[in-house]
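What follows is a short report on a single structure.
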Amino acid sequence: MQCPTRVLRRANDIRIDERHSRYAADHIPNAQDVEVPVGGQAADEIEQFLTGMRRPVLRDRVLATVLFTDIAGSTERAARLGDRAWRALLERHDAVGRERSSDIGGGS
């Protein structure tokens with residue numbers, strides 16, 4: 001008879017040589033050798049092993065990127081183009097910025 005087995009080890013653990021957990025997993029039929037990443041929780045791995053699923057990770061932080069642009073000579077260009085054409089140029093400028101940001105997963 002075989003029993004499901006998962007051998008856990010913490011990544012970069014200087015006290016335990018990773019070869020030991022790999023050896024154990026290699027010599028137990030159908031065992032899995034699982035490295036818990038730095039900052040990861042062994043409890044998450046155990047929960048998945050016992051229940052077959054993980055709770056969703058709730059994050060309270062968001063990575064944001066802010067794009068600042070400058071149109072060189074904008075004062076002179078605005079005066080030369082006039083209000084309507086200048087507004088159209090700014091709208092196009094903003095649309096291109098939103099499109100490029102969206103292309104790389106950003107929002108507007």
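Brief remarks on what is shown
- Restricting attention to the stretch 57-75, the residues that are among the basic types (Lys, Arg) and surrounded by 10 or more Cβ atoms within 10 Å (Cβ to Cβ) add up to 0.
- Scanning the stretch 83-102 for residues that are more than 39 Å from the chain's Cα centre (by Cα) and surrounded by 10 or more Cβ atoms within 10 Å (Cβ to Cβ) yields one hit, Ala85.
- Only one of the numbered conditions (1) among the β-branched types (Val, Ile, Thr); (2) closer than 30 Å to Gln32 by Cβ; (3) in a loop (DSSP other than H, G, I, E, B) is not met by Ile46, and that is (3).
- Inter-residue pairs, beta-carbon under 6 Å, first on the phi > 0 side of the Ramachandran plot and in the stretch 51-70, second surrounded by 10 or more Cβ atoms within 10 Å (Cβ to Cβ), 6+ apart: none
Let's see how each residue does on (1) in contact with a Phe, Trp or Tyr (Cβ under 9 Å, 6 or more places away or on another chain); (2) exposed (fewer than 10 other Cβ atoms within 10 Å of the Cβ); (3) among the hydrophobic types (A, V, I, L, M, F, W, C); (4) assigned to a strand (DSSP E or B):
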site	(1), (2), (3), (4)
Asp13	no, no, no, no
Ser21	no, no, no, no
Ile28	no, no, yes, no
Gly40	no, no, no, no
Arg55	no, yes, no, no
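- Checklist (1) touching a strand residue (DSSP E or B) at 6+ places or on another chain (Cβ under 8 Å); (2) in contact (Cβ under 8 Å) with a residue 24 or more places away in the chain; (3) not small (Gly, Ala, Ser) applied to Glu18, failing item: (2)
Every number in this text was worked out from the coordinates using simple rules, so none of it is lab data. On a predicted model such as this, the values are computed, not experimentally measured, just so you know. With ideal geometry, Cβ positions are generated from the backbone for all residues, glycine too; neighbour counts draw on all protein chains shown.
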